[in-house]
Amino acid sequence: MIAHQGERGRENELALARILERLLPGRLGVGTGLLFDSLGKYSKQMDLLLYDQIDSPAVLAQTNQLLHPVEEIHLAIEVKSRLSLDGIKDSGKKRASINALSPIKGFQRPMFALFAYDAVSSPATVAQHLSSLSPDVRPDLTCVLDPGLIAGSHGTLNPATRSSEFTYGVTLLHDLSENRERERGRYVAGDPSGNLQRQHHEGALYPAVDFRGGISLSDPSRALLLFCEALIRMTAERAGRKPPSLTHYLAPSYRDIEQI
């Protein structure tokens, strides 16, 4: 509905911000702007920032640009309407600008996430481009809503493991049992003779992806849920707090991701 690319991008940022504001604990605010350190260095512009709004209020600059001390930021999010290789490289530059800041002793640098509504390339190609980034500038967490790609370390995607190895996968649409329960490893097959981008299932439209030599439907809403849960859990762990209750309520099947 929004033709102007800049306005469309900003609306996409605001849409994600509205979701996060409803999920995050009250001590965390969602903003935008630049980070700075005590040595006078600045980061690049960040689309979304999760900041501590209780202990360290943001400082409003004369240019209406919000400036945040690096110590008060928990996590920065780069938001892309349509993710490309250039967008992935740009996210690496954003992360590098954060790495160049020097927090006061006792504070950590912010974590970094990448969120996109869709991508130019296939999930496997996007994952390959992410893997090509140096680990120090690669996003801690990545989500491409369509077709439901999520990437990060094993420990970030699943708190049951502490592995730091990079992994990725697509959140395929589960095939439900007779009791309408999700069945691990069983997914809704698509019609190979139908539309290879979108297909209907039970009144809803889902992305169609190649999986194990056939077509399966993907579940973007589950990718969004895992992305938001991981963000909340990451910020809680960073602050030395217990994982959110949402983490414990997600059954193992919700964390199923499949490489394609």
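The values are calculated or read from the model by the stated rules, or taken from the named source; none is laboratory data. Since we're looking at a predicted model, the values are computed, not measured. Because the Cβ atoms are built from the backbone with ideal geometry, glycine has one as well, and the counts that use them run over all protein chains shown.
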### Query
Any idea which residue in segment 208-257 is farthest from the chain's Cα centre (by Cα), counting only those that are closer than 21 Å to residue 182 by Cα and β-branched (Val, Ile, Thr)?
215
### strands (runs of 3 or more DSSP E) completely within segment 136-175 that count 2 or more residues being of a type in the set (Gly, Ala, Ser)
149-153
### Query
Looking at segment 1-42, which of the residues that are at pLDDT below 90 and among the polar types (S, T, N, Q) is surrounded by the fewest Cβ atoms within 10 Å (Cβ to Cβ)?
5
### Message
I need the full set of residues from segment 182-220 which are surrounded by 13 or more Cβ atoms within 10 Å (Cβ to Cβ) and small (Gly, Ala, Ser), in order please.
### Response
189, 190, 208, 216, 218
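So, of the residues in segment 192-245 that are among the acidic types (Asp, Glu) and in a loop (DSSP other than H, G, I, E, B), which turns out to be nearest to residue 151 (Cα to Cα)? Let's see the steps before the verdict.
Applying the first criterion (among the acidic types (Asp, Glu)) to segment 192-245 yields 202, 210, 219, 229, 237.
Within this subset, residues satisfying the condition of being in a loop (DSSP other than H, G, I, E, B) are 202, 219.
Details: 202: 28, 219: 15 Å.
Out of the qualifying residues, it is 219.
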### Query
(1) surrounded by 13 or more Cβ atoms within 10 Å (Cβ to Cβ); (2) part of a loop (DSSP other than H, G, I, E, B): which one isn't true of residue 106, the others all being true?
(1)
### Task
Give me the pairs, please: first residue somewhere in segment 26-37 and in the same structural domain as residue 69 (by TED's automatic domain parsing), second residue anywhere and small (Gly, Ala, Ser) and part of a strand (DSSP E or B), beta-carbon distance under 8 Å, and either six or more positions apart or on two chains.
35/76
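Acidic (Asp, Glu), touching a residue at least 24 places away in the same chain (Cβ under 8 Å), over 30 Å from residue 190 (Cβ atoms) and in the same structural domain as residue 13 (by TED's automatic domain parsing): is that true of residue 140 in this structure? Full working, then the answer.
Working: acidic (Asp, Glu): yes; touching a residue at least 24 places away in the same chain (Cβ under 8 Å): yes; over 30 Å from residue 190 (Cβ atoms): yes; in the same structural domain as residue 13 (by TED's automatic domain parsing): yes.
So residue 140 passes the test.
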### Message
Among the residues of segment 96-104, are any under 30 Å from residue 215 (Cβ atoms) and at pLDDT 95 or above?
### Response
no
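Considering only segment 111-135, how many residues are among the hydrophobic types (A, V, I, L, M, F, W, C), in a strand (DSSP E or B) and surrounded by fewer than 22 Cβ atoms within 10 Å (Cβ to Cβ)? Explain how you work it out, then say what you get.
Pass one, segment 111-135, residues among the hydrophobic types (A, V, I, L, M, F, W, C): 111-116, 119-120, 124, 126-127, 130, 133.
In the following step, the residues that additionally are in a strand (DSSP E or B) were identified as 111-116, 119.
From what's left, surrounded by fewer than 22 Cβ atoms within 10 Å (Cβ to Cβ): none.
The number of residues fulfilling the criteria is 0.
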## Note on the structure
Subset of segment 43-90, residues at pLDDT below 80, hydrophobic (A, V, I, L, M, F, W, C) and under 24 Å from residue 230 (Cα atoms), comes to 54
